[in-house]
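A short reminder: the numbers here are calculations on the coordinates, not readings from a lab. Being a predicted model, the structure only gives us computed values, none of them experimental. Note: ideal-geometry Cβ built from the backbone for every residue, glycine included; neighbour counts use all protein chains shown.
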Amino acid sequence: MLLAASWTPWIIAAAAAIVIPWLLFTEFSYFGAGSIRRVYNGMSRNYNKKWKRKEYQSKELTSRVFLEPLRKALDDSTEARVLDLACGTGRTTFLLLSEAWFQGRIHALDLSPGMLAKFRASLKKLPTEKSERVSSAEANLIGWTAKEEAAFDAVVMLEASEFIPRPAPLMTEVLRTLKPGGLFLMTKPRGWLAWMYFSRKQRAGQLRALLESTGFQNVRLTPWSPRHDVVYAWKAGVAQDGQQTNQAEAASASA
Ligand SMILES: C[S@@+](CC[C@H](N)C(=O)[O-])C[C@H]1O[C@@H](n2cnc3c(N)ncnc32)[C@H](O)[C@@H]1O
């Protein structure tokens with residue numbers, strides 16, 4: 001009894017040494033959406049500094065991993081529409097707006113009013129010709145219902161899938177809101193970050209199976225940063241003869 005009591009502080013200290021770093025690395029997201037909102041409201045002021053990290057600086061990688069697939073999905077039409085899910089302070093939105101070929105419109109959603117405020121402040125610094133092509137709103141992707149069906153050519157969701165405990169309903173909504181032949185481009189945690197979110201079925205095989213069972217086609221993964229892979233998944237398209245086609249196959253055939 002005495003022995004057990006003398007070990008108790010050590011057991012508590014050991015548990016804290018594991019649990020506290022885990023809570024920090026997972027950004028307290030296991031406490032739910034309210035907690036994530038608070039964390040990102042707090043981080044919003046300095047969040048853009050993250051983009052300056054070396055791992056995000058390769059233009060070649062950004063072009064290959066993001067811009068080329070998006071360009072294939074969007075072309076240079078003014079009708080092109082992109083949905084930026086968990087947009088944060090707008091990394092994907094601003095990347096697209098910086099491309100001369102991108103003439104379309106973007107709708108951006110995020111849980112955190114702080115991140116959205118930063119996003120909108122950055123948007124105000126752009127010429128009106130660009131900023132007026134962007135709309136944004138606060139939304140929780142857990143339990144989210146897309147307002148429009150078959151409306152977007154591409155849906156992007158960067159560095160956010162780890163915050164969605166049960167992603168199946170979200171995938172269904174993404175598929176529904178994509179136009180036929182549209183691209184869903186998301187990231188998934190890799191390596192130690194994937195282990196941190198051990199309960200969230202973020203392994204490649206699990207995610208691929210989930211996307212395919214939702215109805216996506218040609219699911220493909222590619223490494224991006226030390227902590228994330230990029231995942232591409234396509235909604236089946238409809239050819240002029242009414243046959244179902246696959247956009248990814250068409251895109252790779254024309255490349
Ligand atoms: C790591 S940041 C990524 C932001 C942006 N996509 C980027 O690449 O810079 C994660 C973002 O996901 C948002 N987020 C987390 N859980 C969310 C949820 N359930 N619904 C909507 N947004 C969420 C956070 O508010 C935060 O802005």
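How much of the DSSP bridge set in the chain is antiparallel, in percent, rounded to the nearest 5? Of the beta bridges lying entirely in the chain, close to 45 percent run antiparallel. Local charge for F31 was computed over the other residues whose Cβ lies under 11 Å away, with Lys and Arg +1 and Asp and Glu -1, and equals +1. Other residues whose C-beta falls under 12 angstrom from the C-beta of T145 contribute a net charge of -1, scoring Lys and Arg +1 and Asp and Glu -1. Against the chain, whose longest principal axis is taken from its Cα atoms, helix 33-43 shows a tilt of about 80°. Given R0 = 41 Å, the distance between the Cβ atoms of I11 and K52 translates into a calculated FRET efficiency of 0.50. Among E55, E159, E129, the ranking by other beta carbons within 10 Å of each residue's beta carbon, starting with the fewest, stands as E129, E55, E159. Computing FRET efficiency as 1/(1 + (r/R0)^6) for R105 and L61, where r is the C-beta to C-beta distance and R0 is 22 Å, gives about 0.25. Panel note: the C-alpha atoms of segment 1-120, placed on their principal axes, show extents of 75, 30, 23 Å (largest first). In the chain, the longest principal axis of the Cα atoms and the axis of helix 168-177 are about 20 degrees apart. Using the Cβ atoms and a cut-off under 14 Å, what net charge is assigned to the surroundings of M115, where Lys and Arg are +1 and Asp and Glu are -1? Spelling it out: positives minus negatives among the neighbours equals +3.
With neighbours defined as other Cβ atoms within 10 Å of a residue's Cβ, the residues T128, T62, T187 order from fewest to most as T128, T62, T187. Per residue, the average separation of C-alpha pairs within less than 8 Å and at least 6 apart gives the chain a relative contact order of 15 percent. Evaluating kT/(6 pi eta Rh) at 25 °C and 0.890 mPa s, with the Kirkwood radius of segment 32-254 over Cα pairs in the Stokes-Einstein relation, gives 138 µm² s⁻¹.
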